[in-house]
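Student: One structure is given below, represented as structure tokens, and several questions about it will come after.
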Amino acid sequence: MSQQMAYFEGNFVPIEEANLNVMTHAFNYGSAVFEGIRGNWNPAHEELYLFKVREHIDRLVQSARILRMNGTYDADEISNLVVELARRCDYKEDMYIRPMVYKSGLDIGPAIHSVEDKLLIYVRPLGDYLDPNAGATVMTSSWRRVDDTSIPARAKVSGLYVNNGLATSEAKQNGMTEAIMLNQDGHVSEGAGENLVMIRNGVLISPPQSDNILEGITLDTALFLASEKLNLPVERRTIDRSELYIADELFMTGTAAHVTPVTEVDRVPVGDGQPGIVSRKLQKLFFDAITGELTEYESWLIPVYGE
Ligand code: PMP
């Protein structure tokens with residue numbers, strides 16, 4: 001029987017027992033860094049495949065470094081804990097793992113350099129975050145993406161997600177699926193929980209790492225598959241908002257959202273308003289890769305039960 005569990009203060013415990021003191025620094029000041037890792041269930045294989053665990057944990061350790069976390073976080077050790085926790089939960093469905101390093105000190109004051117920190121991990125079932133077939137309708141948010149000079153977007157800092165939350169709610173309350181955020185300089189940054197890729201004249205284009213984006217693991221994978229499997233050129237360059245209105249295709253990438261075609265931006269249809277052909281092909285390739293159907297990319301996966 002499956003059970004929702006957490007790794008908390010050095011132990012594997014039922015989720016109900018993983019509770020924080022209200023004075024915790026991370027709760028008061030948003031001073032935690034986190035990751036999201038997917039476990040994808042393949043019913044034919046009766047296997048749960050965790051996708052790119054090591055890449056996510058490496059990014060967690062980088063985020064922790066940017067937030068001056070003091071603890072020593074060994075990527076191998078954390079990766080092993082993630083797999084062990086997933087195994088103990090025994091899910092036979094798509095799920096999501098959330099490792100966090102959080103400032104656990106109880107003192108008043110926002111300084112981050114001298115506060116104790118700890119690791120926690122929890123797991124939950126998670127189906128589709130965005131409808132993969134319908135295609136997403138998006139709007140350019142009136143909220144600008146937080147700048148590297150304010151809170152670095154390449155670190156997955158929990159407090160930073162207030163910025164994403166404002167944009168997401170604005171989009172949803174306006175009847176859209178998701179928000180696209182612009183940088184302080186007005187160029188396209190990313191979705192509120194996804195990276196963005198535009199296709200123009202057969203070239204896949206995505207904003208560079210220095211445009212206040214999260215350095216996405218799904219994005220890397222999708223661009224790699226486009227180049228390797230579809231022989232399409234890939235470019236990282238700054239994107240203007242108005243280019244989104246004349247793109248041939250747009251799609252978003254993210255751990256929760258996988259590869260999701262975008263069919264409308266600011267009420268303007270993308271192409272003919274249907275999910276694009278390349279976006280669809282990439283979506284299928286990505287889905288096959290993460291569910292263990294493409295043996296050449298097995299090294300991206302950890303099978304939780306059959307290891
Ligand atoms: N940007 C933001 C703001 C996100 O929250 C996410 C989800 N982690 C992404 C991009 C996509 O990154 P990844 O593919 O590594 O999940």
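Student: Mind checking whether some residue in region 232-254 is basic (Lys, Arg) and within 15 Å of the ligand (Cβ to nearest atom)? Show your work before the answer.
Tutor: At the first step, the residues of region 232-254 found to be basic (Lys, Arg) are 236-237, 241.
This time we only want the ones that are within 15 Å of the ligand (Cβ to nearest atom), so: 236.
Yes, there is a match, as at least one residue in region 232-254 is basic (Lys, Arg) and within 15 Å of the ligand (Cβ to nearest atom).
A quick yes/no check of all residues on (1) of a type in the set (Phe, Trp, Tyr); (2) under 21 Å from Lys156 (Cα atoms):
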| position | (1), (2) |
| --- | --- |
| Asn174 | no, no |
| Leu196 | no, yes |
| Ser210 | no, yes |
| Lys229 | no, no |
| Phe251 | yes, no |
| Ala256 | no, yes |
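Student: Additional query: Select from region 255-279 the residues that are of a type in the set (A, V, I, L, M) and away from the ligand (no atom under 16 Å from the Cβ) and list them in ascending order.
Tutor: Once the filter is applied, which keeps residues that are of a type in the set (A, V, I, L, M) and away from the ligand (no atom under 16 Å from the Cβ), region 255-279 yields Val265, Val268, Val270, Ile277, Val278.
Student: Mind checking which strands (runs of 3 or more DSSP E) fall wholly inside region 155-223 and carry at least 3 residues that are more than 9 Å from the ligand (Cβ to nearest atom)?
Tutor: 178-182, 195-200, 203-206
Student: Taking the conditions exactly as written (surrounded by fewer than 22 Cβ atoms within 10 Å (Cβ to Cβ) and either over 22 Å from Gly135 (Cβ atoms) or modelled with pLDDT of 95 or more (or both)), does Glu194 satisfy them or not? Full working, then the answer.
Tutor: Details: surrounded by fewer than 22 Cβ atoms within 10 Å (Cβ to Cβ): no; either over 22 Å from Gly135 (Cβ atoms) or modelled with pLDDT of 95 or more (or both): yes.
Answer is no for this residue.
Student: Find the strands (runs of 3 or more DSSP E) located wholly in region 1-90 whose residues include 3 or more that are farther than 14 Å from Tyr102 by Cβ, and list them. Even if it seems obvious, please write down each step before you answer.
Tutor: Numbers: elements: 5-8, 11-14, 32-34, 37-42, 47-51.
Because the criterion is at least 3 residues that are farther than 14 Å from Tyr102 by Cβ, the strands (runs of 3 or more DSSP E) in region 1-90 that meet it are 11-14, 37-42, 47-51.
Student: Could you check region 118-154 and list, in sequence order, the residues that are farther than 25 Å from Leu50 by Cα, part of a loop (DSSP other than H, G, I, E, B) and aliphatic (A, V, I, L, M)?
Tutor: Across region 118-154, the qualifying residues are Ala134, Val146, Ile151.
Student: Right, here's the next one. Among Arg59, Arg38, which is within 16 Å of the ligand (Cβ to nearest atom), closer than 16 Å to Ile290 by Cβ and not hydrophobic (A, V, I, L, M, F, W, C)? Before you say what the answer is, go through the steps one by one.
Tutor: Details: Arg59 fails: closer than 16 Å to Ile290 by Cβ.
Result: Arg38 is the single residue among Arg59, Arg38 that is within 16 Å of the ligand (Cβ to nearest atom), closer than 16 Å to Ile290 by Cβ and not hydrophobic (A, V, I, L, M, F, W, C).
Student: Contact list please: Cβ distance under 8 Å, first residue in region 1-17 and under 18 Å from Phe34 (Cα atoms), second residue part of a loop (DSSP other than H, G, I, E, B) and modelled with pLDDT of 95 or more, pairs at least six apart or on different chains.
Tutor: So the pair list comes out as Ala6/Ala18; Phe8/Ala18; Ile15/Gln4.
Student: Read through the list (1) touching a strand residue (DSSP E or B) at 6+ places or on another chain (Cβ under 9 Å); (2) within 14 Å of the ligand (Cβ to nearest atom); (3) touching a residue at least 24 places away in the same chain (Cβ under 8 Å); (4) of a type outside the set (Asp, Glu), then give the number of the only condition that Pro125 fails.
Tutor: (2)
Student: Within region 27-49, is there a residue that is at pLDDT below 95 and out of contact with any His (no Cβ under 7 Å at 6 or more places or on another chain)?
Tutor: Scanning region 27-49, I find no residue that is at pLDDT below 95 and out of contact with any His (no Cβ under 7 Å at 6 or more places or on another chain), so the answer is no.
Student: Within region 233-246, does at least one residue satisfy the condition of being within 28 Å of Pro43 (Cβ to Cβ), out of contact with any Lys or Arg (no Cβ under 7 Å at 6 or more places or on another chain) and surrounded by 13 or more Cβ atoms within 10 Å (Cβ to Cβ)?
Tutor: No.
Student: With respect to the numbered conditions (1) buried (at least 19 other Cβ atoms within 10 Å of the Cβ); (2) under 21 Å from the mean Cα position of the chain (by Cα), which one is the sole condition not fulfilled by Arg65?
Tutor: (1)
Student: Name the one entry in Leu50, Leu81 that is touching a residue at least 12 places away in the same chain (Cβ under 8 Å) and more than 16 Å from the ligand (Cβ to nearest atom). Working first, answer last.
Tutor: Numbers: Leu50 fails: more than 16 Å from the ligand (Cβ to nearest atom).
Within the list Leu50, Leu81, the selection yields Leu81.
The values are calculated or read from the model by the stated rules, or taken from the named source; none is laboratory data. This one's a predicted model, so the numbers in the text were calculated from it and none came from an experiment. Here Cβ is always computed from backbone atoms with ideal geometry, including for glycine, and neighbour counts include all displayed protein chains.
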